[in-house]
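Trainee: My questions all concern the structure below.
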Amino acid sequence: MAAMDINEIMAYLPHRPPFLFVDKVIECTPGKHIKAIKNVTINEPFFEGHFPAYPVMPGVLIIEALAQVSVILVYQTLGRRPDDKSLIFFAGIDHARFKRQVFPGDTLVLEATELRLVRGVGKFAVRASVGDKLVAEAELLAALRDF
């Protein structure tokens, strides 16, 4: 699949700024892998409080960004988009490790590899990096649920 710009991303994610953490999808192979980027800028609202004298992206938001790219991968794999009857929800996290901090000006590379997708529940190996440096890694669970 070709790259996705922000308009295409918003067709697959219900999130909107300031809680949309994917700026561009670089590559996506449904059922297998996705690679995307988040450009981290000083204008992010979370930097006002985390931390004004030492702005660093919260680890929980790095995990959220990884969950968002995993959701795009699920929808691509299922050949569908979000609708007004169901959403994909974050369902769990295992083996999360944070290796380095993320600062304004960094380009965060977000990757998710599908480990399993059965009856709307998926497990993903995820990793975030800046340049060639690993920032965070984990295994995430996501579930498609009606509401």
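Trainee: Can you tell me which residue is farthest from Leu117 (Cα to Cα) among those in the range 1-58 that are hydroxyl-bearing (Ser, Thr, Tyr) and within 16 Å of the chain's Cα centre (by Cα)?
Mentor: Keep residues of the range 1-58 that are hydroxyl-bearing (Ser, Thr, Tyr), which gives 12, 29, 41, 54.
Add one more test, that the residue is within 16 Å of the chain's Cα centre (by Cα), and what stays is 12, 29.
Numbers: Tyr12: 17, Thr29: 14 Å.
By that ranking, first place goes to Tyr12.
Trainee: One residue is enough: does the range 26-36 have a residue meeting the conditions closer than 22 Å to Gly105 by Cα and in contact with a Gly (Cβ under 9 Å, 6 or more places away or on another chain)?
Mentor: No; the residues of the range 26-36 include none that is closer than 22 Å to Gly105 by Cα and in contact with a Gly (Cβ under 9 Å, 6 or more places away or on another chain).
Trainee: Continuing with the same structure: When you go through (1) out of contact with any strand residue (DSSP E or B) (no Cβ under 7 Å at 6 or more places or on another chain); (2) of a type outside the set (D, E, K, R); (3) more than 21 Å from Ile9 (Cβ to Cβ) one by one for Gly79, which number turns out not to apply?
Mentor: It is condition (3) that Gly79 fails.
Trainee: Just name the residue that is surrounded by the fewest Cβ atoms within 10 Å (Cβ to Cβ) out of those in the range 73-87 that are out of contact with any Cys (no Cβ under 7 Å at 6 or more places or on another chain) and in a helix (DSSP H, G or I). Break it down into steps so the answer makes sense when it comes.
Mentor: First pass over the range 73-87, keeping only residues out of contact with any Cys (no Cβ under 7 Å at 6 or more places or on another chain): 74-75, 77-87.
Among the residues that remain, those that are also in a helix (DSSP H, G or I) are: 74-75, 77-78.
On the way: Val74: 25, Tyr75: 18, Thr77: 17, Leu78: 15.
Looking at residues that are out of contact with any Cys (no Cβ under 7 Å at 6 or more places or on another chain) and in a helix (DSSP H, G or I), I get Leu78.
Trainee: I've got another one for you. Could you list, in sequence order, all residues of the range 51-66 that are free of Cβ contacts under 8 Å to residues at least 24 places away in the same chain and under 24 Å from Ile6 (Cβ atoms)?
Mentor: If the condition is that a residue be free of Cβ contacts under 8 Å to residues at least 24 places away in the same chain and under 24 Å from Ile6 (Cβ atoms), then Pro58, Val60 are the ones that fit.
Trainee: Looking at the structure I just gave you, is Val56 in contact with a strand residue (DSSP E or B) (Cβ under 6 Å, 6 or more places away or on another chain), part of a loop (DSSP other than H, G, I, E, B) and either hydroxyl-bearing (Ser, Thr, Tyr) or under 22 Å from Leu134 (Cα atoms) (or both)? If you could, list the steps in order and put the result at the bottom.
Mentor: Details: in contact with a strand residue (DSSP E or B) (Cβ under 6 Å, 6 or more places away or on another chain): no; part of a loop (DSSP other than H, G, I, E, B): yes; either hydroxyl-bearing (Ser, Thr, Tyr) or under 22 Å from Leu134 (Cα atoms) (or both): yes.
No, not satisfied.
Trainee: Among the residues of the range 88-139, what is the count of those that are without any contact (Cβ under 8 Å) to a residue 60 or more places away in the chain and touching a His at 6+ places or on another chain (Cβ under 7 Å)?
Mentor: Step one: filter the range 88-139 for residues without any contact (Cβ under 8 Å) to a residue 60 or more places away in the chain, giving 88-101, 115-116, 118-125, 129-134, 137, 139.
Cutting the leftovers down to touching a His at 6+ places or on another chain (Cβ under 7 Å) gives us 139.
Number satisfying all stated conditions: 1.
Trainee: Still on this structure, please answer the following. Filter the range 88-138 for residues that are surrounded by fewer than 15 Cβ atoms within 10 Å (Cβ to Cβ) and in contact with a Phe, Trp or Tyr (Cβ under 8 Å, 6 or more places away or on another chain); which is nearest to Met57 (Cα to Cα)?
Mentor: That would be Pro104.
Throughout, read-outs are computed from the coordinates displayed, never taken from laboratory work. Note that the coordinates shown come from a computational prediction; the quantities given were computed from them, not determined experimentally. Positions of Cβ are generated from backbone atoms using ideal geometry, with glycine treated the same way; all protein chains shown enter the neighbour counts.
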